[in-house]
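The values are calculated or read from the model by the stated rules, or taken from the named source; none is laboratory data. Please read all numbers here as calculations on a predicted model, not as lab measurements. Backbone-built Cβ (ideal geometry, glycine too); neighbour counts: all protein chains shown.
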Amino acid sequence: MEHLIDIENISKEDILNIINLAKKFKEGAKTSDVTGRTLALMFYENSTRTRCSFEIAAKKLFMNVINFDAAHSSLSKGESLKDTIENLYFLGVNAVVIRHSLSGIINNVMRLVKYPIKFVNGGDGTHAHPSQALLDFYTMLEKMGSIENKKITIIGDVSHSRVAKSNIALLSKFGADIHLCAPSYLQFENLEEFKVNYHKDVKEAVEGANVVMVLRVQNERHEKEGYPDSSEYKRLYEIDTALLKQYADDNVILMHPGPANRNIEVSSELLDNIVGKTILEQAQNGVYVRMAVLNMLLGGKYAS
């Protein structure tokens, strides 16, 4: 695994190596093969969980961390992203985590950069968010042991969701029964390419589900594109305790990549009870998964 750009190009073996290493880190392994290496966090979109967990992960591995400020960098003077990254490499940066609003930008820049810096996709447009899918998978395995033949329902704004795309790519590698639920105006345009079960009715989608993954309704995009207001979505698609209790598996796992719009896609009472705790555990697991990613990319060894 040379870089972490998307899930499609990672082997099952490498995914399981990441998961197993993350488990060792969570159990207290102190080994780091990347002590003294330098990571630059290049975030062109707002982030709490991804940015903070990569920073904490790097520091737990005794790495140096640079929080790159694009607004006050030479990018504002017209320098290309390629030239910026190549200069960072010669300043001693070994890897960059990039989050950007443009889909595919990381692949494009990576092809142009001539030096062996490592790239990690922290989320690019509506394309991919691989480390989120990895931490979601880790959390599911922690709760269920296996996802094979488990019904995993993803509900919400799938049309804009890089999280949904990366999760579908990963979960399908391991035999999950994947279901999507969204109103027609929030579904994938090329739905048939994803080979999943699609539902408009939320009760049908949740019926017997082992995992319900709720996605954020991306209101900032809807305002530009003329979608119906959130009250219609809330009425038809909000996930709450009563819905899960009536239709989902008795041991259903509730997940959300965050941030959550309370009382729109998921109720506050559900977020704040014991079922909602898994969402906080996802964030915690993100630290260990990202430690594993950085250790594998920059160190190439596994903790013992």
Next item on the list: Give me the pairs, please: first residue somewhere in region 21-40 and farther than 13 Å from Gly92 by Cβ and in contact (Cβ under 8 Å) with a residue 24 or more places away in the chain, second residue anywhere and surrounded by fewer than 18 Cβ atoms within 10 Å (Cβ to Cβ) and of a type in the set (Phe, Trp, Tyr), beta-carbon distance under 8 Å, and either six or more positions apart or on two chains.
Entry: Leu21/Tyr302; Lys24/Tyr302; Ser32/Phe62; Val34/Phe62; Thr35/Phe62
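Would a scan of region 258-276 turn up a residue that is in the same structural domain as Ile154 (by TED's automatic domain parsing) and on the phi > 0 side of the Ramachandran plot?
Our first condition is that a residue be in the same structural domain as Ile154 (by TED's automatic domain parsing); within region 258-276, this holds for 258-276.
Filter once more, keeping what is on the phi > 0 side of the Ramachandran plot: 258, 263.
Yes, region 258-276 contains a residue that is in the same structural domain as Ile154 (by TED's automatic domain parsing) and on the phi > 0 side of the Ramachandran plot.
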Notebook entry, point to check: Quick one: in region 104-128, which of the residues that are in contact with a strand residue (DSSP E or B) (Cβ under 9 Å, 6 or more places away or on another chain) and free of Cβ contacts under 8 Å to residues at least 40 places away in the same chain is surrounded by the most Cβ atoms within 10 Å (Cβ to Cβ)?
Noted result: Asp124
Next item on the list: Answer yes or no: is there a residue in region 48-59 that is over 17 Å from Gly286 (Cβ atoms) and either modelled with pLDDT under 95 or more than 21 Å from the chain's Cα centre (by Cα) (or both).
Entry: no
Checklist line | Pair list, Cβ < 7 Å and 6+ apart or interchain, from region 268-282 residues that are closer than 17 Å to Lys234 by Cβ and part of a helix (DSSP H, G or I) to residues that are among the aliphatic types (A, V, I, L, M) and at pLDDT below 95 | finding: Leu271/Ala260
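Give the residue that is farthest from the chain's Cα centre (by Cα), with candidates limited to residues of region 1-40 that are of a type in the set (Gly, Ala, Ser) and exposed (fewer than 15 other Cβ atoms within 10 Å of the Cβ).
Taking region 1-40 as the starting set, the residues that turn out to be of a type in the set (Gly, Ala, Ser) are 11, 22, 28-29, 32, 36, 40.
Retained after the next criterion (residues that are exposed (fewer than 15 other Cβ atoms within 10 Å of the Cβ)): 11, 28, 36.
Numbers: Ser11: 17, Gly28: 24, Gly36: 26 Å.
Among residues in region 1-40 that are of a type in the set (Gly, Ala, Ser) and exposed (fewer than 15 other Cβ atoms within 10 Å of the Cβ), the one farthest from the chain's Cα centre (by Cα) is Gly36.
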Notebook entry, point to check: Looking at Ile98, Ile66, which is the one that is touching a residue at least 12 places away in the same chain (Cβ under 8 Å), surrounded by fewer than 22 Cβ atoms within 10 Å (Cβ to Cβ), in a strand (DSSP E or B) and of a type in the set (Val, Ile, Thr)?
Noted result: Ile66
Item checked: Number of the condition not met by Arg162 [criteria: (1) farther than 23 Å from Ala133 by Cα; (2) surrounded by 14 or more Cβ atoms within 10 Å (Cβ to Cβ); (3) in contact with a strand residue (DSSP E or B) (Cβ under 6 Å, 6 or more places away or on another chain)] -> (1)
Next item on the list: Considering only residues that are in contact with a helix residue (DSSP H, G or I) (Cβ under 8 Å, 6 or more places away or on another chain) and of a type in the set (Gly, Ala, Ser), look in region 230-260 and name the one that is modelled with the lowest pLDDT.
Entry: Ser230
Note to self: Give me the residue from region 255-304 that is surrounded by fewer than 15 Cβ atoms within 10 Å (Cβ to Cβ) and basic (Lys, Arg) and, out of that set, farthest from Asp136 (Cα to Cα).
What the structure shows: Lys301
